[in-house]
Amino acid sequence: MSEEQPSGVVFPMAQDGRRSTAEVGRQVVADALRHIDPVGARVVEQETSWRSGYVAHFRRALEAGLGSRADALSIARAGLRSLRRRMLVLVEDVEHPLADWPETATVLAGTEVRGTVEPETELSLPYHGDRLSGAALRRRVDAWVSEGVVEPTLAEAVDAVLDHPEWLRLEGHTVAVLGAGAEMGPLPSLMRWGARVAAVDLARPAIWERLRRLARDGAGTLLVPSTGSAGADGVDLLTEVPAVTDWLAAQDGTLVVGNYVYADGASNVRVSMAVDELTRRLQEARGDVAVASLATPTDVFAVPADAVRHSSQAYASRSPGARLLGRPLRTLSGGRLLRRAYQPSADPGVSDTMIPQQGPNYALAKRLQRWRAVVARDGGSLVSMNVAPPTRTRSVLRNRALAAAYAGAHRFGVEVFEPATANVLMAALLVHDLHTDGGPRHEQPWQDEAYAAVHGGLWRTAYAPRSALGLAALLGYGATRG
């Protein structure tokens, strides 16, 4: 679908006749802040260079909610309301509010693809050529905790799944995997474990050939949507939210709506907004809908005091060579390079790992998902929203600067995961959450986000991640060329 001739969920038309993503992003963040931080809202509205200045405003939208749970909820609700009010749906060249999305003639028929093998009955994790399970997997998680690669609470979650292998099958659930072909999605693991999955992705034959093969070679049941007339597998969420709502609302068992969609540029916000509208409609249609998503590690997060202490100790124990190099680099860069991550007394600390090159549309799409998780959890829904690790996915490797930074990240205490490892680990956290009512409930939303976070070390490294990003890219450039 081209940005020149969009259909389905679209940005509103600006006065100059273009659909301005920058104006929507600026106004949504301002609306989110308005009642809690009116000064911050005015600063956002006066931002003249959104594409380069957005990072500070998304950070402010996190920090302004740290004062109380009520503040965080207010920001999330206001941001969601603003997006839903501003985004539109274009059907046959006529714009409609999302709430008035016209019904179309599309009716989805589902076909089942059943697996041919017995389900795996033990959690095992691919890691550096090995397959870790049982005590070996526990030792690997403990090592990650010691190295600061994950939050210590990950060990609790993984231990629980290891102790309850019967959880893996997700008996009594139907997991709607939106973006079923996504590299970071849980579908391959769920098929191996014997789960029931309703897959949603675009009508592209290559995607469905792969997914059907995964299902046949697995142990679960894959529900494949197709349009009754054409009989083609797949459906476009941008244009068919009402039809997908009807199809998923009729599924058996507890329904899990898992958001794993991704698109480039403005389309990322559009499809994320379509998923949000679908989620809202399903929650209205039935009372047992769980909400699942993955938070990107390259965002702004509040982190526990323990993570601040870990980072401060790492900074204090830098090698003599690092100290010698760091001082002139900070001086020459005006303090931008190799600066410490936190003030040692910060509680909570704020880890700003946003990468400006990913752009404001990516930031808005991911923040939308976090806002929905906060609001859904407060409303009593089961929520599985977990921080995923930096991972060498295809979308990352297409970005030369980001690929180089990831290749050099290990020199700064950051572990970048292989997709197979990240995929299984995040699927295991989904299983954990679905069997523990979303995991422990905390007083503040940021604490819910921090539970079992697999940030790869970005929260606990000695340096503010963005202050080391350029050097990591420089050091990793040779590896990416190889």
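The values are calculated or read from the model by the stated rules, or taken from the named source; none is laboratory data. Just so it is clear, the model here is predicted, and its values are computed rather than measured. Don't worry about glycine lacking a Cβ; one is built from the backbone with ideal geometry, like all the others, and counts go over all protein chains shown.
State whether one or more residues within the range 124-147 are part of a strand (DSSP E or B) and more than 30 Å from A307 (Cα to Cα).
Within the range 124-147, the first condition is being part of a strand (DSSP E or B), and the residues that meet it are 124-127, 130-133.
After this cut, where a residue has to be more than 30 Å from A307 (Cα to Cα) as well, the list is none.
Within the range 124-147, not a single residue is part of a strand (DSSP E or B) and more than 30 Å from A307 (Cα to Cα).
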Qualifying positions in the range 108-121 - loosely packed, with under 12 Cβ neighbours inside 10 Å and part of a loop (DSSP other than H, G, I, E, B): T116, E118
For residues that are within 18 Å of E147 (Cα to Cα) and hydroxyl-bearing (S, T, Y), scanning just the range 380-412, find the one that is modelled with the highest pLDDT. T391
Are any residues in the range 385-394 surrounded by fewer than 16 Cβ atoms within 10 Å (Cβ to Cβ) and closer than 12 Å to T298 by Cβ, and if so, which ones? none
What single numbered condition from (1) surrounded by fewer than 20 Cβ atoms within 10 Å (Cβ to Cβ); (2) touching a residue at least 60 places away in the same chain (Cβ under 8 Å); (3) among the basic types (K, R); (4) under 26 Å from V271 (Cβ atoms) fails to hold for R398? (2)
Take P165 and decide whether it is touching a residue at least 40 places away in the same chain (Cβ under 8 Å) and under 26 Å from A243 (Cα atoms). no
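Could you identify the single residue in A230, A263, A203 that is assigned to a loop (DSSP other than H, G, I, E, B), farther than 23 Å from M385 by Cα, at pLDDT below 95 and under 24 Å from the mean Cα position of the chain (by Cα)?
Details: A230 fails: under 24 Å from the mean Cα position of the chain (by Cα); A263 fails: farther than 23 Å from M385 by Cα.
Criteria check complete, one pass: A203.
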Checking S311 against (1) over 30 Å from V271 (Cβ atoms); (2) polar (S, T, N, Q); (3) outside any helix (DSSP H, G or I), which test does it fail? (3)
Those residues that are of a type in the set (A, V, I, L, M) and surrounded by 20 or more Cβ atoms within 10 Å (Cβ to Cβ), I need them from the range 244-253; list them, please. V244, L248
First in the range 68-93 and within 21 Å of G8 (Cβ to Cβ), second anywhere and part of a helix (DSSP H, G or I) and among the polar types (S, T, N, Q), Cβ under 7 Å, 6 or more apart: S82/Q27; R86/Q27
Within the range 299-321, considering residues that are surrounded by 15 or more Cβ atoms within 10 Å (Cβ to Cβ) and among the small types (G, A, S), the one nearest to A72 (Cα to Cα): A302
The one condition in (1) assigned to a loop (DSSP other than H, G, I, E, B); (2) closer than 28 Å to W459 by Cβ; (3) not aliphatic (A, V, I, L, M) that N268 fails to fulfil: (1)
Within the set of pairs 6 or more residues apart or between chains, which connect a residue that is touching a residue at least 60 places away in the same chain (Cβ under 8 Å) inside the range 459-479 to a residue that is part of a helix (DSSP H, G or I) and among the aromatic types (F, W, Y) with Cβ atoms less than 7 Å apart? T461/F412; A462/Y315; Y463/F412; A468/F412; A472/F412; G476/Y406
Within the range 31-60, tally of residues that are surrounded by 15 or more Cβ atoms within 10 Å (Cβ to Cβ) and either touching a residue at least 24 places away in the same chain (Cβ under 8 Å) or among the basic types (K, R) (or both): 14
Unmet criterion (only one of (1) among the small types (G, A, S); (2) over 18 Å from the mean Cα position of the chain (by Cα); (3) more than 18 Å from A450 (Cβ to Cβ); (4) in a helix (DSSP H, G or I)) for A363: (2)
Mind counting the residues in the range 67-101 that are charged (D, E, K, R) and within 25 Å of the chain's Cα centre (by Cα)? 7
